[in-house]
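Structure first, then comments.
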Amino acid sequence: MAGRKETVLDLARLVDKGVCVKLNGGRQVMGTLKGYDQLINLVLDEAVEYERDPEDPLRLTDQTRPLGLIVCRGTAVMLIAPTDGTEEIANPFLQQEAS
């Protein structure tokens, strides 16, 4: 095993592509991944933060806040997902309200 270790997370394929990053504390940011390091510190360009609902902090609203060029510390990153090929669908487990 004298070769280079292969990592589970291959961020090289996401460079210059859109990503969604969820951070500790419930914050969610979307932007273009410009760089990263071995500690998962991320550099995002054209970043936009999705604001949370003041009444329900676990729920995101449609309101956004432009951030521009940012650095996300690797210790705060919980999830990294590509934005290409994803779409939001209705929750199939919610009960339909009878009219």
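The values are calculated or read from the model by the stated rules, or taken from the named source; none is laboratory data. Not measured: the values here are computed from a predicted model. Ideal geometry is used to build each Cβ from the backbone, glycine not excepted, and the neighbour counts take in all protein chains shown.
Every residue, every condition in (1) more than 17 Å from R13 (Cβ to Cβ); (2) within 10 Å of the chain's Cα centre (by Cα); (3) exposed (fewer than 14 other Cβ atoms within 10 Å of the Cβ); (4) free of Cβ contacts under 8 Å to residues at least 24 places away in the same chain, yes or no:
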{"site": "V29", "(1), (2), (3), (4)": "yes, yes, no, no"}
{"site": "G35", "(1), (2), (3), (4)": "no, no, yes, yes"}
{"site": "E49", "(1), (2), (3), (4)": "yes, yes, no, yes"}
{"site": "E55", "(1), (2), (3), (4)": "yes, no, yes, yes"}
{"site": "D62", "(1), (2), (3), (4)": "yes, no, yes, yes"}
{"site": "R65", "(1), (2), (3), (4)": "yes, no, yes, yes"}
{"site": "L69", "(1), (2), (3), (4)": "yes, no, yes, no"}
{"site": "G74", "(1), (2), (3), (4)": "yes, no, yes, no"}
{"site": "L79", "(1), (2), (3), (4)": "no, yes, yes, no"}
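Whenever a residue of the range 11-27 is outside any helix (DSSP H, G or I), its partners that are of a type in the set (K, R) and at pLDDT 95 or above, lying with C-beta atoms within less than 8 angstrom and at least six residues away or across chains, give the pairs V15/K34; D16/K34. Surrounded by 10 or more Cβ atoms within 10 Å (Cβ to Cβ), more than 13 Å from the chain's Cα centre (by Cα) and hydrophobic (A, V, I, L, M, F, W, C), is that true of L39? Here the answer is yes, as L39 does meet what is asked.
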